[in-house]
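One structure is given here, and the rest of the page talks about it.
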Amino acid sequence: MLQQVVNTAVSPKFLRLKEKVSSQYYRTCRLDVGKPQSVLHVLGTTLKANLYRTAPPKAKYFSVKCTDKVQYIINPQPEASSHISPVPLVDDCDILITLKEASDHENDNKLSVWYYDSDKNVLDKAVLHLTAVEISLDVDADRDGVVEVNNPNKGSWKWGPEGHGAILLVNCDSESLMRKKVDSEREEIYLKSDVKDMSPMVLRTKGPAKLPQGYKLVLHICQSDAERIRIYSSRGGGFPRVLSSATLSNKIPYMGNNAEVKFYVEGVEFLDKDFNGLISIHLSLLEPIREGIPETPIFTDTVVFRMAPWIMTPNTLRPLEVFVCSTSDNYQFLKGMRSLAESSGYKLKICSEYRNRGDRWMQDEVEFGYIDSPHHSFPVVLDSPRDRGLGDFPFYELLGPDFGYVTRVPHRKDVSTMDSFGNLEVSPPVTVKGKDYPLGRIIIGVAFPTTSTGRNMTKVVQDFLWAQTVQEPIALYSDWLKVGHVDEFMTFVPAEDRKGFRLLLASPDAGYALFKNLQNDGHGDAKLFEDIKDQEPITVNEILADEKLQDENNYVQNCIDWNRDVLKEELGLDDEDIIDLPILFKLMECEGQHRALAYYPDMVNMIVLGKDLGIPKPFGPKVNGRCALEQEMVSLMGKLGLTCTFINDFASYHLKHGEVHCGSNVRRAPFEFKWWNMEM
């Protein structure tokens, strides 16, 4: 900071210059009496030299002369308004020098300091020959898709609609259709289309045609950042690599005049437990001393990027594609899914048995999401670590141009059914205790907190999900289920009122209430599973008389109620935001423990396509020829303006411990809200 000036009659010119230089980068410059010096000056910085320490021994006065483009102030400010005539030299007297504009030629500006004795006779002088250059490493710091010139906030990152800072995408798609490989794993850029997945960065220079002898520009990053990005330049029709984990610094050509050099910054790693997403890139101007002596930096410009997070999409977003598997025994299921997709107007993609190798659980293998930046966005599939028959599907069938791929690979012994992505959901946008979650919150199922031997989603996947930041996860208790997935007892459907959605929860209490009403109305002999081949029908009376089944469902209801309370607290929900669906469960022994399965097709395990719902056909008791469970669902969902289509998945999915949602998946449109506008 500048020292306090000694006189009170401060000139307006001094104040303007002081304000200008006080916010600039200072560079110490030594004056050399009797020996002219050539100094390279970067516009936007300030040269600072001490007049007293470099003065001849008997010097008592000094004066300053300069060419028109040079500006300076003396601190402390002498009383004299002009420094052309000798003024008194005092201790710790500094001169602060700036230039108005870039030079046309080397050494085309000049400043001289003359020293005088007590009689004002000239003792000696110090001369600076100044060359001014303008150097700026620029990025899209204001997030409008354009690389602006020297944004003052480019060296930091701030969340929110008034925030700033550039954004990187992980280059996780594959531009080449011939050789499947995630682009970030390639050593070079082969296709021009690949750079659209990268963030632009521009070096802008203005000044003489070349730098003075020995000066050079160097682009550099630290080792930890270099593991997560690569930088390419645009030169000669190609894209040579400039920086990577193997090359932490590289000389960059100075083009001079009024030139631009374009770079492309590629993200190669997603956020994770040891990476918060921030990356710094530096450009330094190095000054030579002489051959054999290292150069010293005289100016550094820094830009900061944040890696874009992977974002999940909830049921309330617009569907784009529906995915299912074809197996030897799921004809009825496929028939129902085709009809639903066609009537809803969405594209159905069927993974053949050749590719799925008998694995029908499309929901469990993948989770669809996307990554987004101001300049580009594309879907990214998260591949689960379960790796059964569908293990190759996301990589070989989904990965491609503008369709990315990411996975997390744990130690094989750590993988359990909890790592299937039926155990991974995301809520619609919510506000909780005044905090907005405009992209919703991720939901995962884990073991009960007091259980040391329970099953949990593997740590590497949980670490990845937590690291994305923008959809702060919620842990629910799902280990009480045999399969252990949260989609077995909950889902979200769109609604036009309240918060824009409803949470649907499986409810044994609602199931027993419905069956008791049927019994009271004289329909106790109505049978479940009446139309299912090789399935023993059971009456409403028999279900209600089964005390063991009642006790099992009381336990299940307790587990669901525990999760209900968590969801109300973590999503800011009221009871009016929740709809209880009549679903019963049964317990069966699994690895020495009793865990729950749906007693009849689990209607909460549905697919949501806009206002059309694909629901497992429950085969419940019939009243006047109509299934009472279906009627209840139609009534509950009809109040929200939603249409129910019941799909027969009994033999091919329900008996194999899954339902419609487990056997399907939906890629949805991204949020309109931009993640960088979140208030964090």
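Quick note: the coordinates plus some simple rules give every number you see, no bench work behind them. All values reported here derive from a predicted model rather than from experimental measurement. Methodologically, a virtual Cβ is constructed for each residue, glycine included, from the backbone with ideal geometry; neighbour enumeration extends over all protein chains shown.
List of remarks:
- Between the Cα long axis of helix 547-571 and the first principal axis of the chain there is an angle of about 20°, rounded to the nearest 10.
- The three principal axes of the C-alpha atoms in the stretch 311-677 carry coordinate ranges of 65, 48, 44 Å, sorted with the longest axis first.
- Expressed as a fraction of 2.2 N^0.38 Å, the value expected for a compact globular protein of N residues, the C-alpha radius of gyration of the stretch 383-482 is 1.19.
- Here Lys533 and Leu640 are evaluated by their C-beta separation; at R0 = 45 Å the FRET efficiency comes out at 0.85.
- Degrees between helix 12-22 axis and first principal axis of the chain (Cα, 0 to 90, nearest 10): 50
- Cα-projected label distance for Cys222 with Ser118, points at 7 Å along beta-carbon direction, nm: 5.6
- Working value for the stretch 427-534: equivalent-ellipsoid semi-axes of 34, 22, 12 Å, each the square root of 5 times a Cα gyration tensor eigenvalue, largest first.
- For the stretch 139-307, alpha-carbon Rg and Dmax in angstrom: 16.6, 52
- For the stretch 487-574, GluC sites (Glu not before Pro) meeting the loop criterion (DSSP other than H, G, I, E, B) and having at most 14 other Cβ atoms within 10 Å: Glu496.
- FRET efficiency estimate (nearest 0.05) - Cβ-Cβ, Glu591 to Asp509, R0 41 angstrom: 0.90
- Within the chain, percent of DSSP bridges classed antiparallel, to nearest 5: 75
- Each label was represented as a point 7 Å from its Cα along the Cα-to-Cβ direction; for Lys262 and Leu655 these points are 6.1 nm apart.
- Prolate/oblate/rounded call for the stretch 309-357, Cα gyration tensor, a/c under 1.5 rounded: oblate
- The stretch 347-421 and the stretch 223-268 have their alpha-carbon centroids 32 Å apart.
- With Cα atoms, 0 to 90° folded angle of helix 508-520 axis to the chain main axis: 30
- For Rg/Rh (Cα atoms, Kirkwood Rh), the candidate list reads (1) 1.01; (2) 0.97; (3) 1.17; the entry that matches the value derived from this model is (3).
- Each residue, Lys60 and Ile289, gets one label point 7 Å from its Cα in the Cβ direction; the gap between the two is 3.8 nm.
- Taking only the Cα atoms of the stretch 73-158, the ratio Rg/Rh comes out at 1.18, with Rh defined as the Kirkwood radius.
- Gain upon complete extension [Asp108, Phe395; 0.36 nm per residue less C-alpha separation]: 97.3 nm
- Cross-linked pairs Lys100/Lys125; Lys273/Lys586; Lys347/Lys413; Lys335/Lys656; Lys413/Lys482: Cα-Cα separations exceed 27 Å for Lys273/Lys586; Lys347/Lys413.
- Difference of contour (0.36 nm per residue) and Cα-Cα distance, Asn554 to Arg53: 171.6 nm
- Förster radius 60 Å - calculated FRET efficiency between Val409 and Ala80, Cβ distance, rounded to 0.05: 0.20
- Value of Rg to Rh for the stretch 12-134, rounded to two decimals, is 0.95; Kirkwood radius and Rg both from alpha-carbon coordinates.
- Spin-label proximity, Ser38 to the stretch 133-171 - amide N less than 15 Å from point 7 Å beyond Cα toward beta carbon: 133
- Contour excess over end-to-end distance, with Cα ends at Glu185 and Asn150 and 0.36 nm allotted per residue: 9.4 nm
- Part-to-part distance (alpha-carbon centres) for the stretch 595-625 and the stretch 295-333, which is given in Å: 30
- Computed over the stretch 203-295, the P(r) tail beyond 23 angstrom holds 35 percent of alpha carbon pairs.
- By the equivalent-ellipsoid construction on the alpha carbon gyration tensor, the stretch 592-680 comes out with semi-axes of 30, 20, 12 Å, ordered largest to smallest.
- Kirkwood Rh and Cα Rg combined as Rg/Rh, the stretch 76-216: 1.23
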